[in-house]
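A.B. asks: To start, I am sharing the structure in question, which I have written as C-alpha cells.
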Amino acid sequence: MKPAILLRVASVLTLIFCAGHTYGALGAALRDPEQAAVFMAMQAFPFEIMGARRTHWDFYRGFSLLFSVTLLLLAVLLWQLAALAKRDPAGARPFLGSLFLGYLGFTILCGVYFFLAPAVFSAAVAVCLALAFTSARTG
C-alpha cells in the first residue's frame, strides 16, 4: 500500500481517538460513591506550585485536555505528511520513524496505565506508520 494512503488512515484513526478521548474526558461520568469521593478530594485541596494555586483536579483535567490537543495536532500532521510522502517518500521516512516510535510509546503507556481502546487505536496507527515507513524506501 502507498505511504500516503497509510498516513491518511493513521490521521483518521488519530482523529477518532481524539474525539473519543475528548468525549470521555469532558462527558458527565456516572461514579459510585468511592469514585466520587476521590474526584471531590482531587478538587478540594489547592496547593501552591510555581506561583499558581492549583488542585490535583486541575492537573488531571488540564493534562487530559492537553492530550486531546496533542492528538488533534498529530492527526493534522499525519494528513500533511501524506502529501510529503507522495512527493518525496524517502524524505518522509525520518518523520515516519519518529512518529512510529512515539505511537509505539503511546501503545505501551495506554496498555499499562489505561485500557484497551486507546491502546488499540495507538497500535493501529503504529502499524500504519511502520507499513508507510517500509513502503517509502525509495523516491
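All of the numbers you see were taken from the coordinates with simple rules; none came from a lab. Keep in mind it's a predicted model, so treat the numbers as computed, not measured. Note that we place each Cβ from the backbone using ideal geometry, even for glycine, and neighbour counts take in every protein chain shown.
A.B. asks: Run through the stretch 28-70 and list the trypsin sites (Lys or Arg not before Pro) located in a DSSP loop whose Cβ has at most 13 other Cβ atoms within 10 Å.
C.D. replies: Of the trypsin sites (Lys or Arg not before Pro), the ones in loops of the stretch 28-70 whose Cβ has at most 13 other Cβ atoms within 10 Å are Arg31.
A.B. asks: On to the next question. If R0 is 22 Å, what FRET efficiency do you get for Tyr60 and Ser98 from their C-beta distance, rounded to 0.05?
C.D. replies: Calculated transfer efficiency: 0.20.
A.B. asks: Starting from the Cα gyration tensor of the stretch 2-73, take the square roots of the eigenvalues, sort them a ≥ b ≥ c, and report rounded, prolate or oblate (rounded when a/c is under 1.5, otherwise prolate if a/b is larger than b/c, else oblate).
C.D. replies: Since a/c reaches 1.5 but b/c is at least a/b, the shape of the stretch 2-73 is classed as oblate.
A.B. asks: Under the definition of Cα pairs under 8 Å and six or more residues apart, what whole-number percent is the relative contact order of the stretch 8-139?
C.D. replies: 32
A.B. asks: Does the stretch 40-79 classify as rounded, prolate or oblate by the C-alpha gyration tensor (a ≥ b ≥ c root eigenvalues; a/c under 1.5 gives rounded; else a/b over b/c gives prolate, otherwise oblate)?
C.D. replies: Verdict is oblate for the stretch 40-79.
A.B. asks: Right, next: Once you have the Cα-Cα distance between Met1 and Val76, take 0.36 nm times their residue separation minus that, and quote the gain in nm to one decimal.
C.D. replies: 24.9 nm
A.B. asks: Can I ask one more? Using a Förster distance of 41 Å, how high is the FRET efficiency between Tyr23 and Lys86, based on the Cβ-Cβ distance and rounded to 0.05?
C.D. replies: Working from the Cβ atoms, E equals 0.80.
A.B. asks: State, to one decimal in nm, how far the label point of Phe115 lies from the label point of Gln43, with both points 7 Å from Cα in the Cβ direction.
C.D. replies: It works out to 2.1 nm between the two label points.
A.B. asks: Something else about it: Take the Cα pairs of the chain, get the Kirkwood Rh, then feed it into Stokes-Einstein at 10 °C and 1.306 mPa s and tell me D in µm²/s.
C.D. replies: 95
A.B. asks: Suppose only helical runs count, i.e. DSSP H with n ≥ 4. What mean residue ellipticity at 222 nm does that imply for the chain under -39500 (n - 2.57) per run, divided by all residues and rounded to the nearest 500 deg cm²/dmol?
C.D. replies: Calculated at 222 nm, the ellipticity per residue is -28500 deg cm²/dmol.
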